[in-house]
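Structure first, then comments.
The values are calculated or read from the model by the stated rules, or taken from the named source; none is laboratory data. As the structure is a prediction and not an experimental result, all values here were calculated from the model. Cβ: placed from backbone, ideal geometry, glycine included. Neighbour counts: every protein chain shown. Calculation scope for accessible area: heavy atoms of the full protein, side chains included, ligands and nucleic acids excluded. Shrake-Rupley method; radii C 1.70, N 1.55, O 1.52, S 1.80 Å.
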Amino acid sequence: SQHVVIIGAGIVGTNLADELVSRGWNNITVIEQGPLHMPGGSTSHAPGLVFQTNPSKTMTLLARYTVEKLLSIEKDGYNCFNQVGGLEIATTPARLEELKRRHGYALSWGIEARLVSGEECCKMYPHLNSDMVLGGLHVPTDGLALAARATQLLIERTSAAGVRYLGHTPVTGIQREGRRVTGVHTPGGTISADIVVSCAGFWGVELGAMVGVRIPLLPLAHQYAKTTTVPALAGREINQLPNGMNATLPILRHQDERLYYREHGGQFGIGSYGHRPMPVVASTLGLTPREVDDKNMPSRLEFTSEDFDPAWKASQQLLPALQETEIADGFNGIFSFTPDGGSILGQPSHLDGFYVAEAVWVTHSAGIARALAQILTTGQSDIDVSECELSRFEEVQLSQEYVNETSAQNFKEIYDIIHPLQQRQSPRKLRVSPFHARQMELGAFFLEAAGWERPYWYEANKDLVPALPASWQPVKRDAWSSQFYSPISAAEAWKTRKGVAMFDMTAFHRFEVSGPGALGLLQRLTTSDISTKPGTVTYTLLLTDHGGIRGDIFVLRLEDDVFQIGANSATDLAYLHRESRIQQQTSPMQWMQVRDITGSTCCIGLWGPRARQVMAGLCTDDLSNRGLPYSTLKKTSLAGIPVTLIRKSYVGELGWEIQSSAEYGQYLWDAIWQAGKPHGLIAAGRSAFNSLRLEKGYRTYGVDMTIEHNPFQAGVAHAVDLNKKDDFVGKAALQRLAAQVPSRRLRTLTVNDGRSMVLGKEPVFYDGKPVGYVTTAAFGYTIGKPVACAWLPGGVKDGETVEIGYFGKRIRATVEAESLYDPEMTRLNQ
Ligand code: FAD
């Protein structure tokens with residue numbers, strides 16, 4: 001097999017070697033700057049608490065696999081995971097509610113979990129101050145990872161399988177030829193490689209810099225202290241067991257004070273996130289010493305006890321037995337934080353043979369390693385790891401300023417109760433559309449995504465709410481779903497369905513693919529035949545070889561060899577860049593250029609039954625249904641501004657996406673606004689937009705469907721043309737899958753009582769058992785009920801009743817046939 005060099009023998013690097021070996025790859029060298037028996041990275045001192053439950057399905061599944069794997073690594077009669085269970089406690093009413101939500105995540109993602117009373121918490125954990133604890137969430141399969149031991153056993157077993165380990169060997173440079181990485185430099189010479197994987201933990205920034213790849217992580221110190229032995233726990237036999245096994249109490253989280261606890265044979269370990277962020281630059285730490293021990297390692301800094309004082313007081317209050325102890329030992333340990341809290345996995349688009357797996361907790365380590373091993377050996381991970389993708393970041397999100405500020409903020413908020421729509425306060429206004437000044441004048445409420453400010457609703461539309469017909473009046477919401485919401489969106493949805501509204505579509509990714517090879521590239525990568533005539537718009541899918549959905553895109557054929565792509569993320573751009581580069585290497589005459597034109601262009605969605613009347617005042621072209629039918633486009637001018645009119649709509653109404661070069665944006669907005677006045681045109685935001693698209697049954701990639709799903713399951717088979725003459729990525733897999741009955745399907749649900757809101761990620765029960773989860777949800781103003789998309793077993797039929805779990809309540813909902821609004825598409829085709 002290919003020669004793989006792994007940099008770093010922490011929990012991630014050693015797991016990766018092991019996952020590759022188990023897939024038949026054994027030409028592997030692991031290079032570690034520290035001594036192999038204790039390399040001195042974050043793993044060497046990790047207390048190893050594994051709480052699996054996470055709002056993210058991906059992170060939960062990665063953790064679940066890590067637990068399974070650590071349980072299976074055994075020597076001398078014991079394995080590498082002490083399954084003592086995990087207990088998260090609430091000491092405030094708000095946290096008690098949050099635990100109900102976390103219980104929902106556990107059920108959604110398939111983790112056994114139970115909400116328990118304060119009394120039961122104290123039974124499970126007798127040291128707790130019973131006056132403080134209101135209740136808890138108990139996960140019996142959580143526990144303590146014996147991370148350092150697992151690393152040693154993995155080194156042992158992979159060495160026996162032929163993996164070569166080089167300790168005391170710093171990688172000082174990475175060798176490349178053109179766009180291919182060919183080896184690594186060390187003081188002892190160059191080691192050639194076909195694939196280099198950096199598993200260097202918080203040194204990742206330095207390793208990335210060796211090949212010009214910016215790794216957006218910030219090393220931060222985090223305090224961990226051990227108490228002296230609690231007198232009542234002294235002298236027990238269990239205290240003599242090795243680290244990790246010397247515990248029977250569940251691992252404990254006291255998130256109201258940003259603290260967690262584990263037992264070390266009668267001593268307590270206390271981890272705190274309650275202190276100031278303490279950033280570190282790895283390159284300033286110096287070389288790893290030749291001899292590393294418990295106290296002396298580069299990832300362990302001096303304990304700053306003044307930072308720990310509040311944590312110590314809070315701990316003695318929560319666990320009164322600690323009043324009889326002192327702090328025996330403490331340190332400021334370093335590990336990685338990222339701008340969005342996710343790990344960093346994958347390869348840069350401009351380079352072949354270089355991968356990273358960094359900013360990974362012990363909790364997710366084996367899961368991440370397996371995902372990468374699957375990507376290397378088969379091209380696709382079973383678990384959707386897009387939220388860990390290196391390429392998910394926009395360029396501006398890779399700047400040092402952005403990484404430092406957002407990662408430090410994530411440190412502070414790590415245990416906070418965060419609403420799914422809650423926004424960071426800073427940095428804001430990094431990216432604004434040319435319409436921003438007008439949106440401010442209209443009182444836009446902005447939420448941020450990928451650096452863009454996106455209007456959710458406009459206060460200027462407030463007076464429309466009381467005037468809404470009775471059936472459109474917004475229903476009262478509970479306190480949680482009322483956050484980041486305004487009833488104004490009901491009025492904006494009503495205007496879109498009954499009159500006309502304009503939406504800022506600028507933040508949606510737009511790429512241009514041009515050149516003689518452009519058609520060939522897109523034919524090869526997409527599921528539809530796009531060799532249609534210029535002027536057509538095609539909704540199509542990007543797949544993996546396994547038939548998993550990699551993305552959904554719109555392909556606009558502007559000219560014979562010029563295409564515009566409407567895409568979802570920076571990851572789509574990285575994919576197109578990589579694939580175009582590979583194609584050009586094999587057939588240089590078939591060159592093409594892939595450009596991100598998002599920021600240099602802008603786009604307004606003008607939609608609603610009166611949209612054509614507004615356009616009549618701006619453009620003399622024939623914009624009738626015959627002149628410019630649905631799914632076609634035209635370059636023309638509007639009020640004298642060069643524009644592209646694209647006859648498509650994500651909200652299911654007549655209208656156009658009107659796109660122009662960015663410098664015309666404000667003029668264009670003003671011109672449309674003026675022309676629209678006599679027809680009652682309003683500006684509308686994303687809150688209404690989400691509601692309208694859900695009613696129409698349109699999917700959002702990355703949330704409703706991911707690489708884990710195929711088009712038949714996700715209800716997007718209409719975007720697949722299996723009769724397409726050209727071969728395309730995933731075609732063979734789809735031919736096989738087409739014959740199968742999908743075991744699960746993405747379904748639309750409506751809430752029976754017409755008012756109970758859900759927000760996404762809630763578990764769905766069928767016959768009383770959790771069988772699926774909600775992806776996205778909104779109030780459907782047109783149909784007068786909350787609407788949700790949910791993954792359910794394939795056998796659940798139209799019209800059946802299911803229940804959605806929301807803060808411990810069960811909300812009854814009905815499984816609907818596909819589109820709730822205008823399934824015949826008459827509104828779009830008028
Ligand atoms: P590391 O273990 O740091 O391994 C990277 C290796 O790369 C190092 O050994 C380093 O020497 C080597 N290396 C770097 N540069 C080079 C080079 N140029 N050449 C050769 N080798 C190189 N996680 C949990 O899940 N649960 C917890 O309870 C938990 N508690 C924590 C408590 C503290 C105090 C700290 C600091 C971290 C904690 N973590 C916890 C986080 C966890 O420890 C880390 O995320 C994890 O260990 C990272 O593993 P890794 O293999 O990526 O990195």
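Summary table below
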| item | result |
| --- | --- |
| Matching residues in region 776-830 - criterion: being among the aliphatic types (A, V, I, L, M) and over 27 Å from LYS648 (Cβ atoms) | LEU792, VAL796, VAL802, ILE804, ILE811, ALA813, VAL815 |
| Region 121-134 residues that are within 15 Å of GLU257 (Cβ to Cβ) and at pLDDT 95 or above, paired with ones that are open to solvent by 30 Å² or more (accessible area, probe 1.4 Å) and not in a helix (DSSP H, G or I) (beta carbon under 7 Å, 6 or more apart) | MET132/THR91; VAL133/THR91; LEU134/THR91 |
| Neighbours by Cβ (under 9 Å, 6+ apart or cross-chain): first from region 136-153, within 8 Å of GLY85 (Cα to Cα) and of a type in the set (A, V, I, L, M, F, W, C); second within 11 Å of the ligand (Cβ to nearest atom) and open to solvent by 10 Å² or more (accessible area, probe 1.4 Å) | VAL139/PHE51 |
| Residue match in region 388-397 (condition: over 15 Å from SER343 (Cα atoms), of a type in the set (Lys, Arg) and touching a residue at least 60 places away in the same chain (Cβ under 8 Å)) | no |
| Selection from region 765-792 of residues that are out of contact with any helix residue (DSSP H, G or I) (no Cβ under 9 Å at 6 or more places or on another chain), farther than 24 Å from ARG497 by Cα and surrounded by 14 or more Cβ atoms within 10 Å (Cβ to Cβ) | TYR766, VAL771, THR775, ALA790, LEU792 |
| Flag if ALA733 is open to solvent by less than 10 Å² (accessible area, probe 1.4 Å) and within 15 Å of THR544 (Cβ to Cβ) | yes |
| Qualifying strands (runs of 3 or more DSSP E) (wholly inside region 1-90; at least 2 residues being touching a residue at least 12 places away in the same chain (Cβ under 8 Å), more than 13 Å from the ligand (Cβ to nearest atom) and of a type outside the set (S, T, N, Q)) | 86-90 |
| All positions within region 315-338 that are open to solvent by 10 Å² or more (accessible area, probe 1.4 Å) and either basic (Lys, Arg) or within 16 Å of the ligand (Cβ to nearest atom) (or both) | ILE327, ALA328, ASP329, GLY330, PHE331, PHE335, SER336, PHE337 |
| Count of residues meeting criterion [in contact (Cβ under 8 Å) with a residue 60 or more places away in the chain, open to solvent by 10 Å² or more (accessible area, probe 1.4 Å) and not basic (Lys, Arg)] in region 360-370 | 3 |
| Within region 439-452, considering residues that are in contact (Cβ under 8 Å) with a residue 40 or more places away in the chain and not in a loop (DSSP other than H, G, I, E, B), the one surrounded by the fewest Cβ atoms within 10 Å (Cβ to Cβ) | ALA449 |
| Enumerated strands (runs of 3 or more DSSP E) restricted to region 224-298, each holding at least 1 residues that are β-branched (Val, Ile, Thr) and either within 11 Å of the ligand (Cβ to nearest atom) or farther than 26 Å from GLY118 by Cα (or both) | 251-254, 267-272 |
| Filter result (of a type in the set (Asp, Glu) and without any contact (Cβ under 8 Å) to a residue 24 or more places away in the chain) within region 275-324 | GLU306, ASP309 |
| Selection from region 796-830 of residues that are open to solvent by 40 Å² or more (accessible area, probe 1.4 Å) and not in a loop (DSSP other than H, G, I, E, B) | THR801, GLU803, LYS809, ARG810, ARG812, GLU816 |
| Among residues of region 156-192, those that are under 23 Å from ASP352 (Cβ atoms) and within 11 Å of the ligand (Cβ to nearest atom), counted | 7 |
| Any hit, region 198-217, residues being assigned to a strand (DSSP E or B), more than 9 Å from the ligand (Cβ to nearest atom) and either open to solvent by less than 10 Å² (accessible area, probe 1.4 Å) or touching a strand residue (DSSP E or B) at 6+ places or on another chain (Cβ under 6 Å) (or both) | no |
| Among (1) open to solvent by less than 30 Å² (accessible area, probe 1.4 Å); (2) within 13 Å of the ligand (Cβ to nearest atom); (3) over 26 Å from the mean Cα position of the chain (by Cα); (4) within 24 Å of ARG253 (Cβ to Cβ), the one test that PHE303 misses | (1) |
| Single condition VAL703 does not satisfy, out of (1) open to solvent by 40 Å² or more (accessible area, probe 1.4 Å); (2) over 25 Å from THR571 (Cα atoms) | (2) |
| Residue match in region 621-633 (condition: closer than 22 Å to VAL562 by Cα, part of a strand (DSSP E or B), under 39 Å from the mean Cα position of the chain (by Cα) and modelled with pLDDT of 95 or more) | yes |
| Residue match in region 419-435 (condition: open to solvent by 20 Å² or more (accessible area, probe 1.4 Å) and part of a helix (DSSP H, G or I)) | no |
| The listed residue being on the phi < 0 side of the Ramachandran plot, surrounded by 24 or more Cβ atoms within 10 Å (Cβ to Cβ) and among the hydrophobic types (A, V, I, L, M, F, W, C), out of VAL30, VAL21 | VAL30 |
| Selection count, region 637-660, where residues are over 18 Å from THR506 (Cα atoms) and either part of a strand (DSSP E or B) or among the acidic types (Asp, Glu) (or both) | 2 |
| Candidates ALA373, ALA357 - the one that is on the phi < 0 side of the Ramachandran plot, open to solvent by less than 10 Å² (accessible area, probe 1.4 Å), of a type in the set (Gly, Ala, Ser) and in contact with an Asp or Glu (Cβ under 7 Å, 6 or more places away or on another chain) | ALA373 |
| Selection within region 458-483 - open to solvent by 40 Å² or more (accessible area, probe 1.4 Å) and free of Cβ contacts under 8 Å to residues at least 60 places away in the same chain | GLU459, LYS462, ASP463, PRO466, ALA467, PRO469, ALA470, GLN473, ALA479, SER482 |
| Residue selected from region 740-765 under the condition hydrophobic (A, V, I, L, M, F, W, C) and within 14 Å of TRP480 (Cβ to Cβ), by the criterion nearest to the chain's Cα centre (by Cα) | LEU759 |
| Number of the exception - ASP384 against (1) part of a helix (DSSP H, G or I); (2) open to solvent by less than 20 Å² (accessible area, probe 1.4 Å) | (1) |
| Members of region 87-115 that are open to solvent by 30 Å² or more (accessible area, probe 1.4 Å) and over 10 Å from GLU762 (Cα atoms) | THR91, THR92, PRO93, ALA94, LEU96, GLU97, LYS100, GLY110, GLU112, ARG114, LEU115 |
| HIS127 under 27 Å from the mean Cα position of the chain (by Cα) and more than 16 Å from the ligand (Cβ to nearest atom) | no |
